Every structure is written in structure tokens, then in C-alpha cells.
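Input: a single structure, listed below in C-alpha cells.
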Amino acid sequence: MDNCIFCKIAKGEIPSNKVYEDDDLLVFHDLEPQAPVHVLMIPKKHIPSLNGLMEEDQALAGKLLVKVKEVAELLGLENGYRLVVNCGEDGLQTVLHLHLHILGKRKMTWPPG
Ligand code: 5GP
Ligand code: ZN
């Protein structure tokens, strides 16, 4: 996607503070952190949202989820963390490229606002 900010970050066209990268995914610090640790995990493939995941993306979707604990360990989140995936307008998704928020190093509140 030509005009997608996270595609540009994935291609290195826009700088980001990277935490982890491999052939399929990238993890970088959020520009406006909502917790002491707040990173975004994205697939390098442009998928607009959770609703854009197709059958053919099962392995990639699984890889994203399985990677979370590794990234959490890398970031020292042994006390726990929150995983958030906003989807669509009501979910307050603002960037239309699938991303997982990993938030930690503070006690979260529940229910979310
Ligand atoms: P959403 O609301 O779509 O779930 O989350 C989008 C997230 O992307 C927000 O937390 C926002 O701060 C972050 N973000 C938006 N643009 C950029 C950017 O250019 N670089 C980084 N690192 N984060 C961004
Ligand atoms: Zn994209």
C-alpha cells in the first residue's frame, strides 16, 4: 500500500525505534506511548485490520501471537502486559494496517474506557 504509514515504517522509508524484526514482522515503539512500555507489532504484509485477515494468513497471524511472549520477555515484561488490537471505527483504529499494541510496566485498568 503506497500511502500506508506502517508499510513505510516496515520498508524503512519512515524511521522507527525498532525492538524486533524478522522477514515477516516488525516491532517498534509507539510514537505516543500510553504506558511506560508501549510497542506495536505489525506484519510486514499490508493487512488493513483484523477483519482483513484471510485463510491464507493463518500462519502469519499465528506467528504474530506466538511472538508476543518473546517480545514481552525482550522488554522485561515478566510481570505481565496487555495486548490490544483496535479494529474499525468503534474500536478506535486510526492506522489501517494491522497492529498489536503491547503495553506494560504499569498496572492496567479494567474495564477499558
Ligand atoms: P490505533 O489507534 O490504530 O490502534 O493505533 C495506532 C497507533 O500508532 C497509535 O498508538 C499511534 O500513537 C501510533 N502511531 C501513529 N503514527 C505513528 C508513527 O509514525 N510512528 C510510530 N512509532 N507510531 C505511530
Ligand atoms: Zn500497510
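One line per residue, one yes/no per condition, for (1) open to solvent by 20 Å² or more (accessible area, probe 1.4 Å); (2) more than 13 Å from ligand 2 (Cβ to nearest atom):
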{"site": "Ile9", "(1), (2)": "no, no"}
{"site": "Gly12", "(1), (2)": "yes, yes"}
{"site": "Asn17", "(1), (2)": "yes, yes"}
{"site": "Asp30", "(1), (2)": "yes, yes"}
{"site": "Ala35", "(1), (2)": "no, yes"}
{"site": "Leu40", "(1), (2)": "no, no"}
{"site": "Lys44", "(1), (2)": "yes, no"}
{"site": "Asn51", "(1), (2)": "yes, yes"}
{"site": "Ala59", "(1), (2)": "yes, yes"}
Total residues in segment 89-113, condition outside any strand (DSSP E or B) and within 16 Å of ligand 2 (Cβ to nearest atom): 7
Name the pairs: first residue in segment 34-52 and modelled with pLDDT of 95 or more, second residue part of a strand (DSSP E or B) and aromatic (Phe, Trp, Tyr), Cβ to Cβ under 9 Å, at least 6 apart or on different chains? Ala35/Tyr81; Val37/Tyr81; Val39/Tyr20; Val39/Phe28; Leu40/Phe28; Met41/Tyr20; Met41/Phe28; Ile42/Phe28
Looking at segment 17-58, which of the residues that are small (Gly, Ala, Ser) and over 13 Å from the mean Cα position of the chain (by Cα) is farthest from ligand 1 (Cβ to nearest atom)? Gly52
Here are some conditions: (1) farther than 20 Å from Ser16 by Cα; (2) touching a helix residue (DSSP H, G or I) at 6+ places or on another chain (Cβ under 9 Å); (3) not basic (Lys, Arg). Asn51 meets all but one. Which one does it not meet? (2)
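Confirm whether Val68 is more than 14 Å from ligand 1 (Cβ to nearest atom), at pLDDT 95 or above, β-branched (Val, Ile, Thr) and within 19 Å of Cys87 (Cβ to Cβ).
Considered against the rule, which asks whether it is more than 14 Å from ligand 1 (Cβ to nearest atom), at pLDDT 95 or above, β-branched (Val, Ile, Thr) and within 19 Å of Cys87 (Cβ to Cβ), Val68 comes out as yes.
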Can you run down the residue pairs with Cβ atoms below 6 Å, 6 or more apart or on separate chains, where the first is in segment 9-20 and aromatic (Phe, Trp, Tyr) and the partner is modelled with pLDDT of 95 or more? Tyr20/Val27; Tyr20/Val71
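The values are calculated or read from the model by the stated rules, or taken from the named source; none is laboratory data. Keep in mind that what you see is a predicted model, and the values were worked out from it rather than measured. Counting neighbours? That spans all protein chains shown, and the Cβs are built from the backbone with ideal geometry, glycine included. Side chains included, ligands, DNA and RNA excluded: accessible areas come from the protein's heavy atoms. Shrake-Rupley method; radii C 1.70, N 1.55, O 1.52, S 1.80 Å.
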